[in-house]
Amino acid sequence: MTGAGSPLPLRSRLRSLRPAAFGADSAGERLERIHRSPNFADGVFQNPVGARTRPSGASGIEFAKIYFQKEARARRSPIGTIPVHPTTLADLAAPPASGLRLTWMGHSSVLAEIDGRRVLFDPVWGERCSPFSFAGPKRLHPVPVPLAALGPVDVVVISHDHYDHLDLPTIRALASTDTLFAVPLGVGAHLESWGVPASRLRELDWNESTEVAGIRLTATPARHFCGRGLRNQQHTLWASWVVAGPDHRIYHSGDTGYFAGFQDIGAEHGPFDATMIQIGAYSEYWPDIHMTPAEGMRAHLDLQGGRPSGVMMPIHWGTFNLAPHPWAEPGEGTVEAAAEAGAGLALPIPGQPFEPTGDAVPDAPWWRSVAAIPAGGWPEYATAVPDALVASAGTATGPAAGKPVTGKAEETAETTSPA
């Protein structure tokens with residue numbers, strides 16, 4: 001039956017029932033632009049090199065057994081309360097003396113103050129990285145500052161549309177401000193459906209750039225995947241990002257597996273004063289879409305033209321449980337990789353602002369005060385040669401810096417899909 005009063009098609013009815021957090025599909029000119037992209041082929045966005053996105057078959061069953069094993073679950077959480085910097089807002093009140101300051105808010109969320117502008121990467125202020133408020137990976141620590149208290153932001157940068165990088169309640173709160181949004185191609189459909197006007201969107205394909213308030217943002221390739229709903233159509237792009245001001249330049253990896261393209265990004269846009277590199281949620285079951293700490297350090301060196309210059313800050317770890325590795329392993333592995341490379345490393349606790357080119361880069365392995373001590377004790381490389389691990393010596397601050405913390409971490413609901 002067709003005509004007035006006829007029932008809606010089944011697809012339309014099902015679409016009306018899906019959660020708002022699933023976002024929206026691209027249509028019209030946006031979809032036509034996706035189809036014209038050189039990175040779109042055979043009906044999907046393509047990676048620079050092939051990538052397996054999740055375990056399947058026998059490997060999927062094996063992964064599930066490991067993931068839900070009781071002892072393994074316990075290792076994926078801290079044994080104490082994760083420290084959060086207590087004076088973040090006060091510390092941010094004055095502009096950075098060097099012109100560049102980074103504040104890690106946890107996971108991949110970073111506030112970057114660069115040459116007088118404020119850039120907010122992958123802001124996730126929600127309690128769970130999930131389409132549902134009652135299920136999915138839950139925060140292991142609170143956000144250091146309320147979003148409303150953070151102050152004006154010139155541009156919000158989104159790396160891709162997974163829930164731990166694109167958070168519905170956070171975007172809706174930011175939609176009520178005047179900030180612009182720089183996003184990969186196709187992601188704008190989600191934001192428009194959540195109340196962000198099209199006029200405030202800068203939607204880019206790989207190697208495209210936009211100017212915002214005197215700084216240049218470039219979407220650069222990454223090796224990952226996309227998807228928020230029950231079907232993963234691969235119609236939204238994923239990206240890493242370069243932000244360049246008159247005096248400084250920084251890089252945010254988003255989520256990515258290691259690939260040779262880091263060298264090309266470094267040659268075109270580097271070297272960088274600081275890189276923010278994904279080093280958590282890796283697994284042998286999805287080796288192509290997330291980097292291990294050693295691979296993350298290799299990417300940092302590639303971005304710096306093969307030299308251990310600038311400062312690397314590890315991201316995408318510590319806040320949510322998204323993989324079977326122990327909670328503290330990404331931090332420890334990154335310190336080990338930096339020691340071997342002689343690279344500068346920044347290890348802020350959540351909410352701790354620091355200036356990568358300044359003289360107080362945090363270097364303390366703060367997670368040790370709230371993590372289970374390994375059977376052989378903590379390795380010596382993290383404390384024996386700290387000056388080799390950072391651009392200049394400094395110490396982490398906050399309630400747990402150098403102090404034992406007791407208590408039980410809150411129990412966390414988890415999912416089995418890599419983010």
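List, please: which pairs have Cβ atoms under 9 Å, are six or more places apart or on different chains, and start with a residue in the range 147-172 that is under 14 Å from W194 (Cα atoms) and among the hydrophobic types (A, V, I, L, M, F, W, C) and end with one that is modelled with pLDDT of 95 or more and open to solvent by 30 Å² or more (accessible area, probe 1.4 Å)?
Filtered contacts from the range 147-172: I171/G195.
Would you please name the residue that is modelled with the lowest pLDDT, looking only at residues in the range 5-54 that are hydrophobic (A, V, I, L, M, F, W, C) and part of a loop (DSSP other than H, G, I, E, B)?
L8
Report yes if T2 is of a type in the set (V, I, T) and modelled with pLDDT under 70, otherwise no.
So T2 fits the description; yes.
For the range 268-307, which residues satisfy the criterion of being open to solvent by 20 Å² or more (accessible area, probe 1.4 Å) and in contact with a His (Cβ under 8 Å, 6 or more places away or on another chain)?
Result: D273, Y282.
On the given criteria, is W378 buried (at least 23 other Cβ atoms within 10 Å of the Cβ), in contact with a helix residue (DSSP H, G or I) (Cβ under 8 Å, 6 or more places away or on another chain) and in a loop (DSSP other than H, G, I, E, B)? Give the derivation first.
Working: buried (at least 23 other Cβ atoms within 10 Å of the Cβ): no; in contact with a helix residue (DSSP H, G or I) (Cβ under 8 Å, 6 or more places away or on another chain): yes; in a loop (DSSP other than H, G, I, E, B): yes.
No: the conditions fail for W378.
Please verify whether the range 170-190 includes one or more residues that are more than 26 Å from N47 (Cβ to Cβ), aliphatic (A, V, I, L, M) and in a loop (DSSP other than H, G, I, E, B). Write out each step before concluding.
Going through the range 170-190, the residues more than 26 Å from N47 (Cβ to Cβ) turn out to be 170, 172-180.
Cutting the leftovers down to aliphatic (A, V, I, L, M) gives us 173-175, 180.
Those left that are additionally in a loop (DSSP other than H, G, I, E, B): none.
For the range 170-190, residues more than 26 Å from N47 (Cβ to Cβ), aliphatic (A, V, I, L, M) and in a loop (DSSP other than H, G, I, E, B): absent.
Here is a list: T218, T210, T177. Which entry is free of Cβ contacts under 8 Å to residues at least 60 places away in the same chain and farther than 22 Å from S37 by Cβ?
T177
Of all the strands (runs of 3 or more DSSP E) wholly in the range 235-321, which have at least 3 residues that are touching a residue at least 12 places away in the same chain (Cβ under 8 Å) and out of contact with any Leu (no Cβ under 9 Å at 6 or more places or on another chain)?
In the range 235-321, there are no strands (runs of 3 or more DSSP E) which contain 3 or more residues that are touching a residue at least 12 places away in the same chain (Cβ under 8 Å) and out of contact with any Leu (no Cβ under 9 Å at 6 or more places or on another chain).
I'm trying to understand the selection: among the residues of the range 328-346, which are open to solvent by 10 Å² or more (accessible area, probe 1.4 Å) and either within 18 Å of S159 (Cβ to Cβ) or in a loop (DSSP other than H, G, I, E, B) (or both)?
A328, G342
Residue by residue through the range 167-213, note down the ones that are hydroxyl-bearing (S, T, Y), open to solvent by 60 Å² or more (accessible area, probe 1.4 Å) and under 23 Å from V143 (Cα atoms).
Once the filter is applied, which keeps residues that are hydroxyl-bearing (S, T, Y), open to solvent by 60 Å² or more (accessible area, probe 1.4 Å) and under 23 Å from V143 (Cα atoms), the range 167-213 yields only S176.
Hey, can you tell me all the residues within the range 347-375 that are of a type in the set (D, E, K, R) and either closer than 27 Å to L120 by Cβ or in a loop (DSSP other than H, G, I, E, B) (or both)? Before the answer, list the steps.
Of the residues in the range 347-375, the ones of a type in the set (D, E, K, R) are 355, 359, 363, 368.
Residues satisfying the conditions are E355, D359, D363.
Just to be sure, is V145 in contact with a Gly (Cβ under 8 Å, 6 or more places away or on another chain), among the β-branched types (V, I, T) and in a loop (DSSP other than H, G, I, E, B)?
Spelling it out, V145 is indeed in contact with a Gly (Cβ under 8 Å, 6 or more places away or on another chain), among the β-branched types (V, I, T) and in a loop (DSSP other than H, G, I, E, B).
Given the criterion open to solvent by less than 20 Å² (accessible area, probe 1.4 Å), small (G, A, S) and in contact with a Pro (Cβ under 9 Å, 6 or more places away or on another chain), identify the matching residue among A239, A260.
Criteria check complete, one pass: A239.
Please verify whether A281 is on the phi > 0 side of the Ramachandran plot and among the aliphatic types (A, V, I, L, M), treating the condition exactly as stated. Steps first, please.
On the way: on the phi > 0 side of the Ramachandran plot: yes; among the aliphatic types (A, V, I, L, M): yes.
Yes; evaluated as a whole, the condition is true for this residue.
Can you confirm whether T415 is closer than 23 Å to S109 by Cβ, open to solvent by 30 Å² or more (accessible area, probe 1.4 Å) and either in a loop (DSSP other than H, G, I, E, B) or at pLDDT below 60 (or both)?
Details: closer than 23 Å to S109 by Cβ: yes; open to solvent by 30 Å² or more (accessible area, probe 1.4 Å): yes; either in a loop (DSSP other than H, G, I, E, B) or at pLDDT below 60 (or both): yes.
Against the criterion (closer than 23 Å to S109 by Cβ, open to solvent by 30 Å² or more (accessible area, probe 1.4 Å) and either in a loop (DSSP other than H, G, I, E, B) or at pLDDT below 60 (or both)), T415 qualifies.
Condition first: under 19 Å from A74 (Cα atoms) and either open to solvent by less than 30 Å² (accessible area, probe 1.4 Å) or without any contact (Cβ under 8 Å) to a residue 60 or more places away in the chain (or both). Now tell me which residues in the range 347-375 satisfy that.
Hits for the range 347-375 are W367, R368, S369, V370, A371, I373, P374, A375.
Residues of the range 205-227 being under 18 Å from the mean Cα position of the chain (by Cα) and aliphatic (A, V, I, L, M), which ones?
Answer for the range 205-227, where residues must be under 18 Å from the mean Cα position of the chain (by Cα) and aliphatic (A, V, I, L, M): L217, A219, A222.
Of everything in the range 127-148 that's open to solvent by 10 Å² or more (accessible area, probe 1.4 Å) and in contact with a helix residue (DSSP H, G or I) (Cβ under 6 Å, 6 or more places away or on another chain), which residue is farthest from M105 (Cα to Cα)?
Once the filter is applied, the top-ranked residue is P131.
How many of the residues in the range 131-159 are among the small types (G, A, S), closer than 26 Å to A222 by Cα and modelled with pLDDT of 95 or more? Give the steps one after another, and end with the answer.
If we filter the range 131-159 for residues that are among the small types (G, A, S), which is where we start, we get 133, 135-136, 148-149, 151, 159.
Next, only the ones that are closer than 26 Å to A222 by Cα stay: 136, 159.
Applying the additional criterion that residues be modelled with pLDDT of 95 or more yields 159.
Total satisfying the criteria: 1.
The values are calculated or read from the model by the stated rules, or taken from the named source; none is laboratory data. Values in this document were obtained by computation on a predicted structure and should not be read as measured data. Heads up, the Cβs are rebuilt from the backbone with ideal geometry, glycines too, and the neighbour counts pull from every protein chain shown. Just the protein is used for accessible areas: all its heavy atoms, side chains included, with ligands, DNA and RNA removed. Shrake-Rupley method; radii C 1.70, N 1.55, O 1.52, S 1.80 Å.
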